[in-house]
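Accompanying notes for the structure given below.
The values are calculated or read from the model by the stated rules, or taken from the named source; none is laboratory data. Quantities reported herein were computed from a predicted structural model and do not represent experimental measurements. Glycine also receives a Cβ, built like all others from the backbone with ideal geometry; neighbour counts cover every protein chain displayed.
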């Protein structure tokens, strides 16, 4: 996906989530979005692009250009090898908790 396509998708997200007709302006996002709006934007980006933004990704994003760069890097990154059928990292089995017991969270 090109940067132009990513910017277009971000414009769609902004229109849908914030009911704005103009794209987010260049510059620092904190000047234009409050903390709730930033959270809404992060969730919408994760849903639209099927990526997972980590806290360190979010803290490195200051401008719209940073958003585009981070999305492109996530999309271009090779898929992480799975640790076996249905595992998702330190929790072990998908949907499990730190004790290995199934959780109530549904995918």
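Run residue 42 past the list (1) in contact (Cβ under 8 Å) with a residue 24 or more places away in the chain; (2) surrounded by 11 or more Cβ atoms within 10 Å (Cβ to Cβ); (3) touching a helix residue (DSSP H, G or I) at 6+ places or on another chain (Cβ under 8 Å) and report the number of the one that doesn't hold.
Of everything listed in (1) in contact (Cβ under 8 Å) with a residue 24 or more places away in the chain; (2) surrounded by 11 or more Cβ atoms within 10 Å (Cβ to Cβ); (3) touching a helix residue (DSSP H, G or I) at 6+ places or on another chain (Cβ under 8 Å), residue 42 misses just condition (1).
Please work out if residue 75 is assigned to a helix (DSSP H, G or I), surrounded by fewer than 15 Cβ atoms within 10 Å (Cβ to Cβ), touching a residue at least 12 places away in the same chain (Cβ under 8 Å) and touching a helix residue (DSSP H, G or I) at 6+ places or on another chain (Cβ under 7 Å).
yes
Let's see how each residue does on (1) modelled with pLDDT of 95 or more; (2) under 15 Å from the mean Cα position of the chain (by Cα); (3) under 20 Å from residue 76 (Cβ atoms):
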residue	(1), (2), (3)
2	no, no, yes
5	yes, no, yes
45	yes, yes, yes
48	yes, yes, yes
51	yes, yes, yes
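Identify all residues within region 15-29 that are farther than 17 Å from residue 70 by Cα and in a helix (DSSP H, G or I); write none if there are none.
15, 16, 17, 18
What about residue 44, is it assigned to a helix (DSSP H, G or I) and under 14 Å from residue 14 (Cα atoms)?
For residue 44, the condition - assigned to a helix (DSSP H, G or I) and under 14 Å from residue 14 (Cα atoms) - is met.
Would you please name the residue that is modelled with the highest pLDDT, looking only at residues in region 30-39 that are surrounded by 11 or more Cβ atoms within 10 Å (Cβ to Cβ) and not in a helix (DSSP H, G or I)?
Once the filter is applied, the top-ranked residue is 33.
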